[in-house]
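Structure, as structure tokens:
Rule-based calculations on the coordinates, nothing more; no lab input. Owing to the predicted nature of the structure, the values given are computational and were not obtained by experimental measurement. No Cβ is skipped: glycine too gets one built from the backbone with ideal geometry, and neighbour counts run over all protein chains shown.
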Amino acid sequence: MPAPSAPTVPAVALDLDAARAEYQALLAEGLALDLTRGKPSGQQLDLSDALLTLVQPGEARAADGTDCRNYGGLVGLPELRAVFAELLQVPAEQLLACGNASLQVMYDVLAHAMFTTLPGGERPWAQESEVRFLCPVPGYDRHFTLAARFGVTLVPVALTGEGPDMDEVERLVAADPSIKGIWCVPKYSNPTGETYSEQTVRRLAAMPTAAPDFRLFWDNAYAVHHLTEDRVELLPVLQACAEAGHPDRAFVFGSTSKITYAGAGVAFFGSSTANLAWYSALASAQTIGPDKVNQLRHARFFPSTQSVLEHMERHRELLAPRFAAVHEVLEAELGPLGIASWTKPLGGYFVSLQVPAGCSSRVVRLAKEAGIALTPAGAAFPGGLDPQDSHIRLAPSFPSAAEVRAAMRGVAVCVRLAAAELAAQ
Ligand code: PLP
């Protein structure tokens, strides 16, 4: 599924007066709808409520007898690591179960790389005159914020529908030793929904890099978040890197934030043995061990890999109608006009909507005035700046399907008005 580009010429003439009248009618509806953040709905959270009772007094021992209430166990509970190893495509012995947020692990890894030399590296990144990361766009705004926090310069690279433009990636990393990493959301990407092809993964694993300590920041946040019966496959990156002679190239992140509880799940970190030794030595100064009681209740909730996949089917039953609502309303309201295009993702949490160049900030503003909160225009680009001002990230997971429908009808009115205004200039 290629990333849609910004439509430019309306297929049919738009009547500005009619578009304004429609918008006035929308304002009169007094809507209050929110499509901003990719949060699970309450119904999705309810699916995991057994977590609240799975560890009772007297039941806090793990399979090997470890008392989970006590200190220790930096690598996390073995039974939980074994279940998620297959899903995250990391051998269990190379996968750590951590705290509740993979973003925090990403932050820690970046902070450690700033101050401590990575395996294969020559010096800590903070001692370089500049550190740059490639960021496929549109991408995840919190990756950009995290990098900015450490003064990392972000270099945008276009997404193609099967991952980043690899000719461009290979050219940049081969020439520039200050490029130390790339942000990747390789499956059902946030926000384009695309999955990296086998060829993309192999090229990322094999490409020569000028930096000896270059890393793939492989954020597999949506590894099992299918929206259709077609479970899209991703090539295992650690294996591809090892086969290409770069065993230390990938840092793999994941979590159960959108599997169980977004605020009380378990994060995972996978990598090569050398990278894990580097990380664990540093992490042991931060904590004596993760929250093993939380890990234990997750291990009891998910006794097998299959049980996770079955649980994700329940999520799909709740999410698929919301995504269908986005597509159906956009198709009916905007399809014939040729002024917008959008993704129809097979998984993940987002739809990318492209409106005519120069229009997305106007659409988001119009929607806000009409009571429909959308992710700020440009949020999926470094610095919040979409050079074309044409991309809007839609997050339909949290509202009900009926609310999604109402919101999308309103968004369509705003797109028609913004496009009509542009055409009239
Ligand atoms: N990575 C991506 C790509 C995400 O979209 C999100 C949440 O939206 C996260 C990470 C956050 O993960 P966690 O809750 O494990 O920190």
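Distant-in-sequence amide contacts of ASP34, defined by a placed amide H-H separation under 5 Å and a gap of 5 or more residues or a different chain, comprise ALA373. If you plug the beta carbon distance of ARG69 and PHE115 into 1/(1 + (r/R0)^6) with R0 = 25 Å, you get a FRET efficiency near 0.15.
Report for the stretch 62-303 the percent antiparallel among DSSP-assigned beta bridges with both residues inside it, nearest 5.
Working: 8 of 25 bridges.
Approximately 30 percent, going by the DSSP bridge assignments.
Net charge within 14 Å of GLU229 by Cβ-Cβ distance, Lys/Arg positive one each and Asp/Glu negative one each, not counting GLU229 itself?
Working: positive: ARG231, ARG316; negative: ASP230, GLU233, GLU310, GLU313, GLU317.
It works out to a net charge of -3.
Helix 78-88 and the longest principal axis of the Cα set of the chain meet at an angle near 40°. Remark: the stretch 208-213, residue by residue, has Karplus-estimated 3J(HN,Hα) of x, 10, 5, 7, x, 10 Hz, where x stands for each Gly or Pro and the curve is 6.51 cos²θ - 1.76 cosθ + 1.60 at θ = phi - 60°. Looking at ALA424, GLN94, ALA357, which one has the Cα that reaches farthest to the positive end of the dipole of the chain (charges on Cβ: Lys, Arg +1; Asp, Glu -1)? My answer, from the dipole projection, is GLN94.
In order along the stretch 112-124, the Karplus-derived 3J(HN,Hα) couplings, from 6.51 cos²θ - 1.76 cosθ + 1.60 at θ = phi - 60°, round to 4, 5, 5, 10, 9, 4, 6, x, x, x, 9, 7, x Hz, and Gly and Pro are given as x.
Computed over the chain with a Gaussian network model linking Cα atoms closer than 10 Å, the most mobile of SER189, SER178, SER280 is SER280.
Using the Kirkwood radius built from alpha carbon pairs, what does the Stokes-Einstein equation give as D for the stretch 259-320 at 4 °C and 1.567 mPa s, in µm² per second? Answer, rounded: 92 µm²/s. In order along the stretch 387-403, the phi-based Karplus estimate (6.51 cos²θ - 1.76 cosθ + 1.60, θ = phi - 60°) of 3J(HN,Hα) comes to x, 9, 6, 10, 9, 10, 8, 9, 10, x, 5, 7, x, 6, 4, 5, 5 Hz; Gly and Pro are listed as x. Between GLN56 and ALA324, the C-beta separation translates, for a Förster distance of 60 Å, into a calculated FRET efficiency of about 0.90. For the chain, the longest principal axis of the alpha carbon atoms and the long axis of helix 292-301 meet at an angle near 70°.
Which of the GluC sites (Glu not before Pro) across the stretch 108-163 are loop residues per DSSP, with 13 or fewer other Cβ within 10 Å? It would help to have the intermediate numbers written out before the result.
Details: sites: GLU122, GLU128, GLU130, GLU162; in loops: GLU122, GLU128, GLU130, GLU162.
Qualifying residues, ordered by number: GLU122, GLU130.
Using just its DSSP H runs of length 4 or more, each adding -39500 (n - 2.57), the chain gives a mean residue ellipticity at 222 nm of -12000 deg cm²/dmol after division by all residues.
Name the shape class, rounded, prolate or oblate, that the alpha-carbon gyration tensor gives for the stretch 233-288, where a ≥ b ≥ c are the square roots of its eigenvalues, rounded holds for a/c under 1.5, and otherwise prolate holds if a/b is larger than b/c and oblate otherwise. Before the final figure, lay out each step's value.
On the way: a/c = 4.88, a/b = 1.23, b/c = 3.98.
It is oblate, given that a/c is not under 1.5 and a/b is not larger than b/c.
Amide H to amide H, with H built 1.01 Å from N, THR160 comes under 5 Å of ASP165, counting only residues 5 or more places away or on other chains.
In straight-distance terms, cross-link reach from LYS258 covers every one of the lysines whose alpha-carbon lies under 19 Å from its own, apart from those fewer than eight places away in the same chain; here that gives LYS39, LYS187. Its relative contact order, with pairs defined as Cα atoms under 8 Å and 6+ residues apart, puts the chain at 28 percent.
Convex hull volume of the C-alpha atoms in the chain, normalised per residue: 136 Å³.
Going by the alpha-carbon gyration tensor, a ≥ b ≥ c the square roots of its eigenvalues, is the stretch 78-170 rounded (a/c under 1.5) or, if a/c is not under 1.5, prolate (a/b greater than b/c) versus oblate?
Here the stretch 78-170 falls in the oblate category.
So how far, in whole Å, is the C-alpha centre of the stretch 8-75 from the one of the stretch 377-422? The stretch 8-75 and the stretch 377-422 have Cα centres separated by 18 Å. Take the Cα of GLN306, step 7 Å toward its Cβ, do the same at ILE288, and the gap between the two points is 4.0 nm. By its C-alpha gyration tensor, with a ≥ b ≥ c as the square roots of the eigenvalues, how is the stretch 1-154 shaped: rounded for a/c under 1.5, else prolate for a/b larger than b/c, else oblate? It is oblate, given that a/c is not under 1.5 and a/b is not larger than b/c. Relative to the dominant Cα principal axis of the chain, helix 273-283 is inclined by about 90°. Quick one: of the DSSP bridges fully inside the stretch 112-184, what percent are antiparallel, nearest 5? Beta bridges within the stretch 112-184, antiparallel portion: roughly 10 percent.
Counted over the chain, the DSSP beta bridges are approximately 45% antiparallel.
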